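The values are calculated or read from the model by the stated rules, or taken from the named source; none is laboratory data. No experiment lies behind these values; they were computed from the predicted model shown. Here Cβ is always computed from backbone atoms with ideal geometry, including for glycine, and neighbour counts include all displayed protein chains. The area values use the complete protein model at the heavy-atom level, side chains included, leaving out ligands, DNA and RNA. Shrake-Rupley method; radii C 1.70, N 1.55, O 1.52, S 1.80 Å.
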Amino acid sequence: IQGSGVAAAACARRLRTTHDVTVFESGRGPGGRMSTRRSDGYQWDHGAQYFSPKTDAFSVAVSEWVEQGWCDAWAGEHCVWSSEGGVSPDPKAAAAVRYVGTPGMNTICRGLLDGVEARYETRAVAMRRGGGGGADRGWVLEHAKSGSALGEYDFLICTDKTAAAQHRKDLDRELLDDFVQPASAVPSVPSLALMVAVEQTRCGF
């Protein structure tokens with residue numbers, strides 16, 4: 001499995017009961033968009049700062065994570081900022097239960113990957129093994145930087161969009177464009193995370 005975010009980690013946890021699973025992650029630890037950065041005694045969840053279950057299935061999964069001690073409800077004050085009004089309490093805050101990983105967001109992915117072989121700081125390049133079916137079917141993985149062999153595998157799951165776009169030598173360009181072009185037409189809103197450390201625990205709002 002390429003990537004170690006929540007999608008990859010949940011997939012690995014499900015598959016490990018019936019398959020030998022290896023996770024390859026280019027970062028220093030698990031998490032993907034649920035990464036936690038630590039420095040000088042502080043920590044920031046600079047990817048996903050929190051999440052709110054919106055489906056019954058996800059609510060069940062989150063309840064299991066809470067029982068494992070991987071996350072908990074966040075009772076902190078949630079504010080919004082605008083150039084016109086500055087910082088003010090979020091009027092929608094009371095309508096949703098927000099969860100955060102404990103002690104950090106990447107705890108969830110780390111917990112899901114417990115018992116799964118994971119290789120960090122390893123960006124894997126995948127190529128088709130052989131040219132036909134049967135025993136030749138599968139994948140050969142190499143280290144993207146060193147070119148060293150990472151092993152041969154029967155199946156490949158890619159949850160990392162960067163790896164899918166840039167580090168897959170097997171992908172049919174025409175088939176990939178059939179997916180990428182419609183996907184790029186979907187509007188998205190950029191989001192910036194400001195990591196700030198303060199001496200006091202409350203910022204006055």
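Residue count for the range 89-106 under the criterion of being in contact (Cβ under 8 Å) with a residue 60 or more places away in the chain and touching a strand residue (DSSP E or B) at 6+ places or on another chain (Cβ under 6 Å): the result is 3. Residues that are in contact (Cβ under 8 Å) with a residue 60 or more places away in the chain number at least 1 in the following strands (runs of 3 or more DSSP E) confined to the range 1-87: 22-24, 37-39, 42-44, 79-82.
Any chance the range 46-56 includes a residue that's exposed (fewer than 13 other Cβ atoms within 10 Å of the Cβ), out of contact with any strand residue (DSSP E or B) (no Cβ under 7 Å at 6 or more places or on another chain) and not acidic (D, E)? So far as the range 46-56 goes, yes, one or more of its residues are exposed (fewer than 13 other Cβ atoms within 10 Å of the Cβ), out of contact with any strand residue (DSSP E or B) (no Cβ under 7 Å at 6 or more places or on another chain) and not acidic (D, E). In the range 89-118, what residues are part of a strand (DSSP E or B) and within 15 Å of the chain's Cα centre (by Cα)? If the condition is that a residue be part of a strand (DSSP E or B) and within 15 Å of the chain's Cα centre (by Cα), then V100, G101, A118 are the ones that fit. For the range 5-63, filtering for residues that are of a type in the set (K, R) and under 30 Å from E152 (Cα atoms) leaves 5. Scanning the range 144-175 for residues that are within 26 Å of L15 (Cα to Cα), modelled with pLDDT under 80 and not in a loop (DSSP other than H, G, I, E, B) yields K161, T162, A163, A164, A165, Q166, R168. Of the residues making up the range 18-42, those that are open to solvent by 80 Å² or more (accessible area, probe 1.4 Å), more than 16 Å from the chain's Cα centre (by Cα) and more than 28 Å from E142 (Cβ to Cβ) are R38, D40, G41, Y42.
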